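Structure first, then comments.
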Amino acid sequence: MHGTVDTMAAGTLDRYRRFLSKGRAALGELFGADVEESSAGAWVTTSAGRRLLNCGGYGVFITGARHPHVVDAVRRQLDTNPVATRLLIEPRAAEAAEALVATTPAGLNRVHFACGGAEAVEAALKLARANGKRRLISMENGYHGKTLGALSVTAKPVFQDPFRPLLPDVTHVPFGDAEALKAALSQSDGDACVIVEPVQGEAGVIIPPFGYLAEVALLCREHGAFLVLDEIQTGLGRLGWWWGAERAAVVPDVLLAGKALGGGVLPVSAMIATEAAFAPFDRDPFLHTSTFSGSPLGMAAAVAVIDVIREENLVWRARWLGELLREEVESVLRDVLGDAVAEVRGLGMLIGVELTVEGLAGDLLLELMDAGVIANHSLNSARVLRLTPPAVLDHEDVDFLVQALERAARSVR
């Protein structure tokens with residue numbers, strides 16, 4: 001890795017060890033002990049003066065960092081009413097709900113806002129229970145968060161085992177296998193809730209067979225199951241479509257949004273439901289609440305980011321840029337690493353590089369950082385390097401990324 005640790009980095013690492021997490025401090029050192037100081041667009045600047053192309057962020061930065069329109073909207077809200085009383089009605093939440101519903105498949109017209117993605121998952125699981133759906137079916141290697149309910153449907157023992165017992169009556173079936181889901185649903189009595197991602201991000205960017213989501217939706221209807229589509233990472237243009245639901249032509253009972261919804265400025269997530277599914281929350285507004293749900297600051301960011309995605313054609317940009325990037329990434333990595341590259345796959349600006357050699361993805365991640373690019377590992381797939389760049393990349397950014405990948409690949413060859 002580059003250079004020595006600067007004074008700010010040394011002080012920050014010490015505070016992490018003393019007040020936050022020693023493990024997190026060790027991880028920071030592994031990645032060069034760089035301290036994020038500022039960000040703009042696709043780039044992050046560190047206290048050491050390095051500029052890093054941000055192709056990480058786990059799907060947050062579809063509009064890049066600090067987009068002027070989002071920042072201006074949040075700043076105006078900060079100067080008027082940043083936190084609501086929770087008793088009076090507040091216009092920003094109503095505007096954000098209307099703007100969000102306008103992007104989703106027809107029929108999804110009720111919104112509950114939250115902050116983190118796992119909170120949106122918890123809201124969906126509670127709504128399913130309020131509709132009488134007590135059995136949970138999720139997909140192997142899926143990822144839905146680490147709060148207790150979300151963790152129950154995140155099928156990864158390394159995350160689950162320290163916190164058992166989790167929610168009861170949870171079944172995990174293989175992702176992409178409609179027959180396995182059918183078998184699981186056949187054992188229910190109309191009391192099941194199915195939660196699934198259109199593309200499994202943390203599993204290593206796993207794309208199901210064409211028509212799979214439509215089969216899932218049909219099976220849920222046939223068996224009276226409640227369908228939750230988790231688009232916290234894949235939604236708002238990340239796949240080159242507004243939503244994976246749109247690409248698959250399905251309307252779930254609940255659609256989950258997050259990450260990009262705050263415009264890379266504030267944490268915002270949402271549960272968007274059909275009127276029928278939302279009925280229990282419609283009847284009792286205190287059945288599921290949160291102090292900062294629908295915070296005016298977050299709502300201002302959400303409205304602004306939807307404006308930006310639409311006005312700058314970022315859904316379309318994500319589609320064609322993603323195709324370009326996948327071709328370029330595969331070409332350069334196969335040229336350098338050959339058979340060590342198992343597959344380069346993805347949709348839009350969600351790209352996974354699967355490697356055949358144990359530990360190579362981690363080495364490549366480190367070398368990429370040294371070459372000036374932030375990427376992600378995949379929590380549920382150690383052999384997959386994940387790229388989630390913003391849809392605002394220009395041609396120079398793409399060239400920089402490809403050159404950095406080549407440099408990093410040559411370093412690990």
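The values are calculated or read from the model by the stated rules, or taken from the named source; none is laboratory data. A quick note: this is a predicted structure, and the numbers were derived from the prediction, not measured. Reconstructed Cβ throughout: ideal geometry from the backbone, glycine too, with neighbour counts over all protein chains shown.
Annotations for the structure displayed:
- Hits in segment 250-280 (condition: in contact with a strand residue (DSSP E or B) (Cβ under 7 Å, 6 or more places away or on another chain) and in a helix (DSSP H, G or I)): Leu261, Glu275, Ala277, Phe278
- A single member of Phe113, Phe31 is farther than 28 Å from Phe278 by Cβ and of a type outside the set (Val, Ile, Thr), and it is Phe31.
- Subset of segment 1-27 [surrounded by fewer than 17 Cβ atoms within 10 Å (Cβ to Cβ) and either outside any helix (DSSP H, G or I) or under 25 Å from the mean Cα position of the chain (by Cα) (or both)]: Met1, His2, Gly3, Thr4, Asp6, Leu20, Ser21, Gly23, Arg24, Ala26, Leu27
- Matching residues in segment 141-158 - criterion: being in contact (Cβ under 8 Å) with a residue 40 or more places away in the chain and on the phi < 0 side of the Ramachandran plot: Gly142, Tyr143, His144, Val153, Lys156
- Residues located in segment 172-221, provided they are modelled with pLDDT of 95 or more, more than 23 Å from the chain's Cα centre (by Cα) and of a type in the set (Ser, Thr, Tyr): Ser186
- Some residue of segment 222-229 being at negative phi, in the same structural domain as Ile306 (by TED's automatic domain parsing) and surrounded by fewer than 22 Cβ atoms within 10 Å (Cβ to Cβ): yes
- Filtered by the rule that a residue be crowded, with 16+ Cβ neighbours inside 10 Å and not in a loop (DSSP other than H, G, I, E, B), segment 179-202 gives Ala180, Leu181, Lys182, Ala184, Leu185, Ala192, Cys193, Val194, Ile195, Val196, Gln200.
- Screening Asn376 against (1) more than 17 Å from Val357 (Cα to Cα); (2) modelled with pLDDT of 95 or more leaves a single unmet condition, (2).
- Among the residues examined, Ala73 qualifies as surrounded by 13 or more Cβ atoms within 10 Å (Cβ to Cβ), of a type outside the set (Val, Ile, Thr), over 25 Å from Ala371 (Cβ atoms) and touching a residue at least 24 places away in the same chain (Cβ under 8 Å).
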